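Scroll down for the structure; my scribbles are underneath it.
Rule-based calculations on the coordinates, nothing more; no lab input. Quantities reported herein were computed from a predicted structural model and do not represent experimental measurements. Cβ: placed from backbone, ideal geometry, glycine included. Neighbour counts: every protein chain shown.
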Amino acid sequence: MSNPYFKQAIRGVKSNPSRTFLTTLGIMIGIGTVILVLGAGEGFKSYINAQVDAFGSNIIIAQTSLPPSTKARSSTNSSSSSHPNSSASNAIPITTLKMHDVEDIKNIPNVKNAYGASIGQQVVTYKNTSKTTLIFGSSFARFDIDKGVIANGRGFSDQEDKGLAQVAVLGDKIATDLFADENPVGKFVRVGNYNFEVIGVYEKKSSLDPTNDGTQIVIPVTTLQKKIQGIDYLIYTVIQLEDNSKADVTSLDVVDVLRRNHYISDPAKDDFKVQTQKESLSTFDTILQAITFLLIAIASISLIVGGVGVMNIMYVIVTERIGEIGLKKALGARNKDILYEFLIEAIILTLIGGVVGIIGGALGAFAISKIAQGFGLTWKFIVPLWGIILSVSVSAIIGIVFGVFPARNAAKLNPIEALNKE
Amino acid sequence: MLIELKNIVKNYDNGGIITRVLHGVNLGVEDGEFIAIIGPSGSGKSTLMHTIGFLDRPTEGDYLFNGENTKDFTDDELARIRNERIGFVFQSFNLLPRTTVLDNVMLPLFYSTNKKGHEHKAKVALEAVGLGDRLQFMSNQISGGQKQRVAIARALVCDPKVIFADEPTGNLDSKSGSTVMHILEKLNKEGRTIILVTHDMNVALHAKRIVTIRDGEIVKDQPIPESERVHSKAVSD
């Protein structure tokens, strides 16, 4: 710190430590909040990424969807729906996605495997216990593609699927709900009007498919379609890729196959939607960014309030040091020397607030990550470097912006008037 | 002529009421002189010193410093003159609090264009006032007399031509005051111009010439014969 401006400014900052602390409190809170929000956001992102990885990152999902051209019409009918154009949550079912589409998709280069699925909600009963839950009908390939691990028993085979076998694999939670301490494998549960043999139970949280929270039951898709739902169409198909880097090209191939099979020439009339995991992630990213932006905007109010606090105190400090300013001018300090000294002091004040805020915010984000990990979530503790750089720059800029007026006041003081006030 | 004041007028504007403090002062100071400006309080002697010391600009009149008219000098140019050519010693010492003796003396060097050898120059200046052993003392840990000697060292550190001393003994006991005056005399003997402002005739009699000011005008300007001068000795404290 050989720079005299720094030396003088630091002397000022050190002269009244409790006031320095209180002055910088607003900046600390503001910067701390920004860092906390960024850290928590990054942690949440790491959690979502882990989810996606568990589900399989080399995955494309094609699902039935109302054509965009009819979206406006349908959304007025079901304005409360969160997915206005998803047939799964819409009163108008799309019936065009069939098992032969899945077979054709399997022939696309870079497609390793695929399964079709339908979903229904049914009451499931074992002895006197009943639960209403989602029934996932899937082809057997699900057990190869999905990362879910069957802890107890087995999945079903192609023959069982095609043969309309009444077999079921239970999520861990529904298994516990229905069977308590009994071993479910080999027992029968009643789904609708049929008895299904439980052949397997998923490991706890084995599949992190957002639709798989442990309460689901997986049965052969053909059985669900023919015996329970009385339909022959699918709601979605999950496609596994050889090479995820070609996901965009492959998803276009999937679109081509589906358009050809569904006799669609106008993209506006697509009755399906193909989404790569990358796209899902970017959708999620957009939402997260919006939330982060909002929270940072709120934290910025604290920064501005903090800046005004710094300005206020700088005015007090200038008044307090009028005699000193006069002396320095008498000893040859130019106006700009005085200006720089006060400006640097203001910047140091805000930087102290910034650094303490960064440490505090990072500690907060660390605590959140520890709590999340305590709940068993894959939550990393990340404070982005750009966030730190941004915070330091923002606090320095606040110092300049809110310090310049008091500093100019100090610089413009007449030396003799300043000396006389001593 | 080092300092030449021609018809210097200084008005203070106090919310529309204009007070004339200096009424056309003419004064010349040669290089190496030791002059005392005396007068009662309110006579304008401080204003005169501030004007000569470039702390304030005259309302009217010309001020030639080293033969140059300073009328059109910018604030920065005046700051540079104060830094390089003038050293100030004030009645209340005006040391920076919570700062070492050495750093206090180095302060004018911070604002100088010469960026080298600051610490050495400050040490030399402190040796000259007999405080070479107090470098790391805080400014509030030393006696009043020592404070004023630090202030003199600070005035000396940029090697100025003129030293302005405004009631330098006003806040000191007689022993400390004596030491301070002894140092000023020594500096004058070494060739520096000393301009002393005081209301105390005993202090003024250290000078070689006394200028008396009353109601903003110089009423008397007389040399002091060597036989009438007072000489102080350094007294250890």
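Can you give me the angle between helix A:385-411 and the longest principal axis of chain A, using Cα atoms only, in degrees from 0 to 90, rounded to the nearest 10?
Approximately 30 degrees, to the nearest 10.
Tell me, what is the FRET efficiency for B:MET1 and A:SER300 to the nearest 0.05, using R0 = 56 angstrom and their Cβ-Cβ distance as r?
That pair, B:MET1 with A:SER300, gives E of 0.35.
In peptide B:154-163, how many Cβ atoms from other protein chains are near each Cβ within 10 Å, on average?
1
First measure r as the distance between the Cβ atoms of B:ALA234 and B:HIS199, then evaluate 1/(1 + (r/R0)^6) with R0 = 30 Å and state the FRET efficiency to the nearest 0.05.
0.80
A:ASN113's amide H: which non-local residues (gap 5+, or another chain) put their own amide H closer than 5 Å, with H modeled 1.01 Å from N in plane and none for Pro or chain starts?
Placed amide hydrogens put A:GLN240 under 5 Å from A:ASN113.
Among the lysines, which have Cα under 20 Å from the Cα of B:LYS233 when same-chain residues fewer than 8 positions away are ignored?
Cα-Cα hits under 20 Å: B:LYS147, B:LYS175, B:LYS186, B:LYS189, B:LYS208.
Return A:SER139, A:SER157, A:SER282, A:SER46 ranked ascending by Cβ neighbour count within 10 Å, so the fewest neighbours appear first.
Least to most surrounded, the residues fall as A:SER282, A:SER157, A:SER46, A:SER139.
Rounded, prolate or oblate: which fits chain A, taking a ≥ b ≥ c as square roots of the Cα gyration tensor eigenvalues, rounded meaning a/c under 1.5, else prolate when a/b beats b/c?
It comes out prolate by the Cα gyration axes.
HN-Hα J couplings of the stretch A:284-295 from phi, Karplus 6.51/-1.76/1.60, θ = phi - 60°, integer Hz, Gly and Pro as x?
4, 4, 4, 5, 4, 4, 4, 5, 4, 4, 4, 5
Sort B:211-224, A:316-329, B:43-56 by the packing proxy (mean of other Cβ within 10 Å over each peptide's residues), most packed first.
Ranked by mean Cβ neighbours within 10 Å, highest first: B:43-56, A:316-329, B:211-224.
About the Cα centre, and with charges only on the beta carbon of Lys, Arg (+1) and Asp, Glu (-1), how big is the dipole of the stretch A:96-270? Nearest 20 debye, please.
With Lys and Arg at +1 and Asp and Glu at -1, about 520 debye.
Extension gain A:ILE389-A:LYS127, at 0.36 nm per residue separation less the Cα-Cα distance, in nm?
Between A:ILE389 and A:LYS127, full extension yields 88.1 nm more.
Along the charge dipole of the protein assembly as shown, pointing to its positive end and built from +1/-1 on Cβ of Lys, Arg, Asp and Glu, which listed residue (B:LEU126, A:SER18, B:HIS199) has its Cα farthest out?
After comparing all options, I get B:HIS199.
From the square roots a ≥ b ≥ c of the eigenvalues of the alpha-carbon gyration tensor of the stretch A:96-270, which class results: rounded (a/c under 1.5), prolate (a/b over b/c), or oblate?
It comes out prolate by the Cα gyration axes.
Convert each backbone phi in the stretch B:3-17 into a coupling constant with the Karplus relation 6.51 cos²θ - 1.76 cosθ + 1.60 (shift: θ = phi - 60°), then list the ³J(HN,Hα) values in order as whole Hz, x for Gly and Pro.
For the stretch B:3-17, the Karplus-derived couplings read 10, 9, 9, 10, 6, 6, 10, 10, 10, 10, 9, 10, x, x, 8 Hz, x marking Gly and Pro.
If exposed means no more than 14 neighbouring beta carbons inside 10 Å and the site is in a DSSP loop, what's the longest run of chain A without any exposed chymotrypsin sites (Phe, Trp or Tyr not before Pro)?
No qualifying site falls inside A:1-262, the longest such stretch.
Return the calculated 222 nm mean residue ellipticity for chain B, to the nearest 500 deg cm²/dmol, obtained by summing -39500 (n - 2.57) across DSSP H runs with n ≥ 4 and dividing by the residue count.
Calculated from helices alone, the mean residue ellipticity at 222 nm is -9000 deg cm²/dmol.
Could you point to the residue in B:PRO40, B:SER232, B:LEU64 farthest towards the positive end of chain B's charge dipole, with +1 and -1 charges on the Cβ of Lys/Arg and Asp/Glu respectively?
The one lying farthest along the dipole's positive direction is B:SER232.
Identify, among A:GLY357, A:ILE287, A:THR64, the residue whose Cα sits farthest towards the positive end of the charge dipole of the protein assembly as shown, taking +1 on the Cβ of Lys and Arg and -1 on the Cβ of Asp and Glu, with the dipole about the Cα centre.
A:GLY357
Per residue of B:90-101, count partner chain C-beta atoms within 10 Å of its C-beta, then hand back the mean as an integer.
Other-chain Cβ atoms within 10 Å of each residue's Cβ, averaged: 3.
Under a plain spin-label model, where a point goes 7 Å from the Cα along Cα-to-Cβ, how far apart in nm are B:ASN171 and A:GLU103?
For the pair B:ASN171/A:GLU103, the computed spacing is 10.3 nm.
How high is the relative contact order of chain A? Use alpha-carbon pairs under 8 Å, at least six apart in sequence, and give a whole percent.
29 percent
What distance in nm separates the simple spin-label points at A:LYS14 and A:GLU279, each placed 7 Å from Cα in the Cβ direction?
Using points 7 Å along Cα→Cβ, the separation is 6.2 nm.
Counting other beta carbons within 10 Å of each residue's own, what order do B:LEU196, A:LEU241 fall into, fewest first?
Neighbour counts put them in this order, fewest first: A:LEU241, B:LEU196.
Quick one: B:GLU33, A:GLU103, fewest Cβ neighbours within 10 Å first, how do they rank?
By the 10 Å Cβ count, ascending, the order reads A:GLU103, B:GLU33.
Can you give the angle from 0 to 90° between the axis of helix A:4-15 and the longest principal axis of chain A, with both taken from C-alpha atoms, to the nearest 10?
80 degrees
Measuring from label point to label point, each 7 Å out along Cα→Cβ, what is the B:ARG214 to A:PHE188 span in nm?
13.2 nm
Considering amide H positions built from the backbone, and no H for Pro or chain starts, which residues 5 or more places from A:SER65, or on another chain, come under 5 Å of its amide H?
When sequence neighbours closer than 5 places are left aside, the close amide H contacts are A:SER87, A:PHE272, A:LYS273.
Please label the shape of the stretch B:55-209 as rounded, prolate or oblate, based on the square roots a ≥ b ≥ c of the eigenvalues of the alpha-carbon gyration tensor (a/c under 1.5 means rounded; beyond that, a/b larger than b/c means prolate, else oblate).
Oblate shape, in that a/c is at least 1.5 and b/c is the bigger or equal ratio.
Angle check, please: helix A:247-261 long axis (alpha carbons) against the longest principal axis of chain A (alpha carbons), in degrees 0 to 90, nearest 10.
Between the helix axis and the principal axis of chain A, the angle is about 40 degrees.
Can you tell me the length gained on complete extension of the stretch A:THR286 to A:ASN49, counting 0.36 nm per residue apart and subtracting the Cα distance?
Extra length from A:THR286 to A:ASN49 when fully extended: 83.9 nm.
May I ask you to derive the FRET efficiency for B:GLU60 and B:LYS189 from their Cβ-Cβ distance with R0 = 35 Å, giving the value to the nearest 0.05?
Taking R0 as 35 Å, the efficiency between B:GLU60 and B:LYS189 is 0.45.
With an 8 Å cut-off on Cα pairs and a minimum separation of 6 or more residues, tell me the relative contact order of chain B in percent.
Worked out over chain B, it gives 27 percent.
Below 23 Å, Cα to Cα, which lysines can A:LYS246 reach? Residues fewer than 8 away in the same chain don't count.
Of all the lysines, those that pass the test against A:LYS246 - Cα under 23 Å, at least 8 places apart if same chain - are A:LYS106, A:LYS112, A:LYS147, A:LYS273, A:LYS278.
Amide H to amide H, which residues 5 or more places from A:ILE150 or on other chains are under 5 Å from it, using H placed in the peptide plane?
A:GLU203
Nothing charged except the Cβ atoms of Lys and Arg (+1) and of Asp and Glu (-1): what's the magnitude of the dipole of chain B about its Cα centre? Round to the nearest 20 debye.
540 debye
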